[in-house]
1. Just to confirm the filter: which trypsin sites (Lys or Arg not before Pro) across segment 114-193 are DSSP coil and have at most 16 other Cβ within 10 angstrom of their Cβ?
2. Per residue, how much accessible surface does the chain expose to a 1.4 Å probe? Answer in Å², no decimals.
3. Whole angstrom only: what separates the Cα centroid of segment 199-243 from the Cα centroid of segment 130-170?
4. Once neighbouring chains are kept in place and the probe is 1.4 Å, which whole percent of the accessible area of the chain is contributed by carbon and sulfur?
5. Amide H to amide H under 5 Å from Arg122: which residues, 5+ apart in sequence or cross-chain, H placed 1.01 Å off N in plane?
6. Considering the chain as a Gaussian network with a 10 Å cut-off on Cα pairs, which listed residue, Ala248, Ala38, Ala233, attains the greatest mean-square fluctuation?
7. For a quick check of your reading of the filter: which chymotrypsin sites (Phe, Trp or Tyr not before Pro) in segment 135-226 sit in a DSSP loop and have no more than 14 other Cβ atoms within 10 Å?
8. Go ahead and run the numbers for FRET between Lys260 and Arg236, Cβ-Cβ distance against an R0 of 45 Å, rounding to 0.05.
Amino acid sequence: MSPMALVDYATSAGVALLTLNDPPVNGYTHEMMKDLDAAILEARFDNDVHVIVITGHGEKFFCAGANISMLRESDPTFKYYFCLHANETLSRLEHTPKLCIAALNGHTVGGGLEIAMACDLRIARKGAGKIGLPEIALGVLPGTGGTQRLARLIGKSRAIQLMCEGQTFDFETALSYGLVNDVWETTSHDEFMDRILAYGHTFTLPDRAALAVGRIKRAVQTGFEVGLEQGLALERELQAELFASEDAREGLAAYMEKRKPIFQGK
């Protein structure tokens, strides 16, 4: 794998950790988005990886969104293709049949929240920062999926309100909106990350049927965007794939034999 200068990549026992690394705010440029794209593909093609965790470097920022200096200096054509590629990268994350967890270690604003919303789960460290989509203050809209994913997560009216007001708010408020799944209180950033990785490992082999986890994700992420009949058809196809797997046979046998299943991801 070629080195990724702006996204640190590491794996451990079935979990790939992707760290956005451009201090002090981990704002993303086209170069960082290309590195993130490469890291997502690396995790996708690694058969030993079943869970992807995305976080930010340091203790203050998950990601502050697109690098404003880059946007000021670039022409409209570059801005358009920059947004297009960023959208493609986040869609690739959504389409990868492996569970993706955003570990919100600090401020998660603008495009940073857009990255987090493309993940399947969002878990925040209590008191670590603010969250929101304040692009209205720049005279633009959240253009890396923000208008679409926020509305799908919390409903149209609340999403319009939050984006038009442009306010940032704490993680507990985000939890009440359904924007994050959980807020964890920890004594340190290291403790938060250790707990995140331990949580990620609960979705890996041999204790959890990682094939089924990935296809649950696929069924929801893809099926939610089509009509009910098409979604049900996709669900049936994914279920047929799982019924033909060794893991399903093991799961059914373990149930009948009243023992703990040992899954192999096959």
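The values are calculated or read from the model by the stated rules, or taken from the named source; none is laboratory data. All figures in this text were calculated on a predicted structure; none of them were measured in a lab. Ideal geometry is used to build each Cβ from the backbone, glycine not excepted, and the neighbour counts take in all protein chains shown. Ligands, DNA and RNA are stripped out before the accessible areas are found, and what is left, the full protein with its side chains, is counted by its heavy atoms. Shrake-Rupley method; radii C 1.70, N 1.55, O 1.52, S 1.80 Å.
1. On the way: sites: Arg122, Arg125, Lys126, Lys130, Arg149, Arg152, Lys156, Arg158; in loops: Lys126.
Within segment 114-193, the qualifying trypsin sites (Lys or Arg not before Pro) (loop, at most 16 other Cβ atoms within 10 Å) are Lys126.
2. That works out to 50 Å² for each residue.
3. Measuring centre to centre over Cα atoms gives 28 Å.
4. Details: 7430 of 13380 Å².
Percent of accessible area from carbon and sulfur atoms in the chain: 55.
5. Those qualifying (amide H under 5 Å, at least 5 residues apart or on another chain) are Ala102, Asn181, Asp182.
6. Ala233
7. Numbers: sites: Phe169, Phe171, Tyr177, Trp184, Phe192, Tyr199, Phe203, Phe224; in loops: Phe203, Phe224.
Qualifying residues, ordered by number: Phe224.
8. With R0 = 45 Å, the Cβ-Cβ based efficiency is 0.95.
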